[in-house]
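What follows is a set of notes on a single structure, which appears directly below.
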Amino acid sequence: MATDRVAPDVGTCRRPRSTVPHARAPMRRIAACGVALCSLTLFAAAARATSVVTKSFQQLCAEADVIFVATVTDVRSQWSDPNHRAIETVVSFGDVALTYGSPTDATTLRLSGGELDDIREEVAGVPQFTVGERVLLFVRRQHAVSPIVGLNQGCFRIVESGRGPVLLTADGHPVLGLRNGALEVGPSTAGTENAVALPTFLEWVRQEVAQRNRE
């Protein structure tokens with residue numbers, strides 16, 4: 001059974017009596033022993049954590065170097081550094097349908113966090129992927145924690161409905177529409193009946209990208 005190592009925005013808790021600075025990501029790590037003490041440290045640190053800035057639809061399109069629909073073909077974790085201080089997850093994609101950008105940027109992504117050697121490292125806001133699922137991603141080349149724009153804001157799950165493929169946010173909320181530059185989403189319990197169809201959403205993206213290129 002994996003041991004949770006949960007690290008807050010301001011540090012990494014690897015031992016029950018020490019906090020090791022960690023500038024890479026808002027991670028939370030909890031060691032197998034001294035969980036209570038670590039949890040107190042994490043609780044105090046969480047109060048000082050920086051919240052993620054909400055991205056508008058225009059910002060998602062403007063900040064992405066590549067926008068694509070793809071199927072997740074592989075998810076694996078590995079150490080991101082020789083000293084085994086942090087874990088990263090490598091996600092591979094197939095059946096890629098490119099909407100914008102270069103296809104070479106749409107085959108593999110590396111995200112902070114993952115599970116390796118009975119240790120699970122979680123990074124707040126970084127989406128998790130499942131082999132076989134279909135996703136729509138807004139990705140940028142330069143990144144510190146995740147290549148996905150706005151962390152989980154640039155990740156959309158594609159699910160089938162009676163009207164064909166529709167979009168959910170990374171955390172399962174149906175995308176209902178676009179108003180005044182902001183995506184409207186419903187509660188996770190709302191189902192897919194009123195969710196935006198994938199072709200409609202992709203047309204919004206193409207129009208936004210075309211508008212940006214004209215400016």
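What follows draws every value from the coordinates through simple rules; no lab data is involved. Note that the structure is a prediction, hence the values are computed from the model and not measured. Reconstructed Cβ throughout: ideal geometry from the backbone, glycine too, with neighbour counts over all protein chains shown.
Model label points for Ser188 and Gln211, set 7 angstrom from Cα along the Cα-to-Cβ axis, are 3.1 nm apart.
Spin-label model, Glu203 to Asp95: label points 7 Å out along the Cα-to-beta-carbon direction sit 2.4 nm apart. Summing charges over neighbours of Ser92, with a neighbour being any other residue whose Cβ is under 11 Å away from its Cβ, gives +1 when K and R count +1 and D and E count -1. Counting other Cβ atoms within 10 Å as a rough exposure proxy, the listed residues Leu178, Leu111 run Leu178, Leu111 from fewest neighbours to most.
Between Val53 and Arg85, the simple spin-label model (points 7 angstrom out along Cα→Cβ) gives 2.7 nm.
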